[in-house]
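First up is the structure itself, then whatever we jot down about it.
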Amino acid sequence: MRSCIVLTTVAASLYVSPAAAGPDPRGIVPVTAPPLTGRSVACDAVPNRRLTLPDLVDIALCGNPATAVAWASVRTAAANTGIARAATLPTVSATIGPTLSRTDGFGGQTVTIAPGQTFSSSLNSTDFGSSANLAISYLLFDFGGRAARIDAARANQRSALATFADTAQTIALNTVTAYNNLQANRNSVVANQASVAFATSSRDQAAARERAGVATPADRLQAETALAQAQLTLQQAEGAARTAAGTLAVTVGLPPTVGLDLAPVPPLGTADRLSRDVATLIAEAEKLRPDLASRRAALASAQASARAARSDTRPSIGVSASNGINYANSVNDRNSASAGLSLSIPIFNGWDRSYRRAASSPPAR
């Protein structure tokens, strides 16, 4: 009984509860997302000033749920890396519990009580005890399958992080596009207002010439027609500007009826970068393309998964050890221990490994 208590104490000391270890004992799951903006106010607040394009991009990145979803995928991919790395450590398990055993024996020795009266003796016993077992196993070698799974998980983590960056870039691009569309429509309104003013002046001059007798009514009617057309074009431009303003508000995550007080557009920069070497510009563009990084990481993950699938068709070597104690009474107490080296050879499992290998292999060209 004392040895059972000792083994129970050892198993309890080896046990690490999830609450004690924390959700990330290796420290590989990122807690906070990398900063996407330089905002000095909360994400749900709009700066109390005339908004510039960087302000609008900050508001969009903070309020768009797509960034939160992409960041959750990054955390999940990091946790999957921890799952893959778990194969590099041994597995320890303990089982502890009470036992109840009943033994009934029949057909024992015949005992004569009186002439003509006999019965067969039997051995009957009921034992109540406890048992404890501690087992340790570790994978020594599997032809690179364990390392390949870790590489695949890390590649998926890089892909998820690149997708997160690509999502942020897409949101920023949509915001910039909506902003430029609004500015273009507002400039169109200004241009059409000038056209209306010019058409109004032309109509007035045509009417004056008609009154002076130097122009015909047809000239005045033609000027009035041009003015009406200019007014119609102005109304269409104003409607397009209001639509563009609503689209920009929705793009940054605000209600479409919110009026955005935008700051004046800054002057355009010089185009001296266009005169630089084309190869340098292409290299910089690739660095700013997280979608390309995501695809490269996805390719690395697929290649690692193919290596892992190939290793599943090969043998693996593992080591294990266990110790078990059973206590019932002073007669039946026993301690059993075992240790061994095992070679596992896959022979046949319904072609499951073959199809997994085929699924992870790249198509032939």
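The values are calculated or read from the model by the stated rules, or taken from the named source; none is laboratory data. Remember, predicted model here, so these are calculated numbers, not experimental data. Using ideal geometry, Cβ is built from the backbone for each residue, glycine included, and neighbour counts are taken over all protein chains shown.
Structure summary
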quantity	calculated
The one condition in (1) modelled with pLDDT under 85; (2) in contact with a helix residue (DSSP H, G or I) (Cβ under 8 Å, 6 or more places away or on another chain) that GLY116 fails to fulfil	(2)
Qualifying positions in segment 59-68 - among the β-branched types (Val, Ile, Thr) and over 15 Å from the mean Cα position of the chain (by Cα)	ILE59
Boolean, VAL57 is surrounded by 21 or more Cβ atoms within 10 Å (Cβ to Cβ), out of contact with any strand residue (DSSP E or B) (no Cβ under 7 Å at 6 or more places or on another chain) and within 28 Å of VAL176 (Cα to Cα)	yes
Hits in segment 207-250 - residues which are β-branched (Val, Ile, Thr) and part of a helix (DSSP H, G or I)	THR225, THR233, THR243, THR247, VAL250
Filter result (within 9 Å of the chain's Cα centre (by Cα) and either loosely packed, with under 14 Cβ neighbours inside 10 Å or within 19 Å of PRO23 (Cβ to Cβ) (or both)) within segment 69-83	VAL69, TRP71, ALA72, SER73, VAL74, ARG75, THR76, ALA77, ALA78
Considering residues of segment 242-284 that are of a type in the set (Lys, Arg) and at pLDDT below 80 only, the residue farthest from THR52 (Cα to Cα)	ARG276
Residue match in segment 197-211 (condition: crowded, with 17+ Cβ neighbours inside 10 Å, free of Cβ contacts under 8 Å to residues at least 60 places away in the same chain and among the hydrophobic types (A, V, I, L, M, F, W, C))	yes
Any hit, segment 126-133, residues being modelled with pLDDT of 85 or more, over 30 Å from CYS62 (Cα atoms) and in contact with a strand residue (DSSP E or B) (Cβ under 7 Å, 6 or more places away or on another chain)	yes
Filter result for ALA152 (exposed (fewer than 14 other Cβ atoms within 10 Å of the Cβ) and in a helix (DSSP H, G or I))	no
Where a residue in segment 299-319 is crowded, with 18+ Cβ neighbours inside 10 Å and its partner, wherever it lies, is aliphatic (A, V, I, L, M) and part of a strand (DSSP E or B), with Cβ under 7 Å and at least six apart	SER316/LEU139
The lone exception for THR67 - which of (1) of a type outside the set (A, V, I, L, M, F, W, C); (2) modelled with pLDDT of 90 or more; (3) closer than 30 Å to SER294 by Cα it fails	(2)
Selected residue [of a type in the set (A, V, I, L, M, F, W, C) and at pLDDT below 80] from ALA293, ALA298, ALA359, ALA321	ALA359
Some residue of segment 77-84 being at pLDDT 85 or above, among the aliphatic types (A, V, I, L, M), in contact with a Phe, Trp or Tyr (Cβ under 7 Å, 6 or more places away or on another chain) and outside any loop (DSSP other than H, G, I, E, B)	no
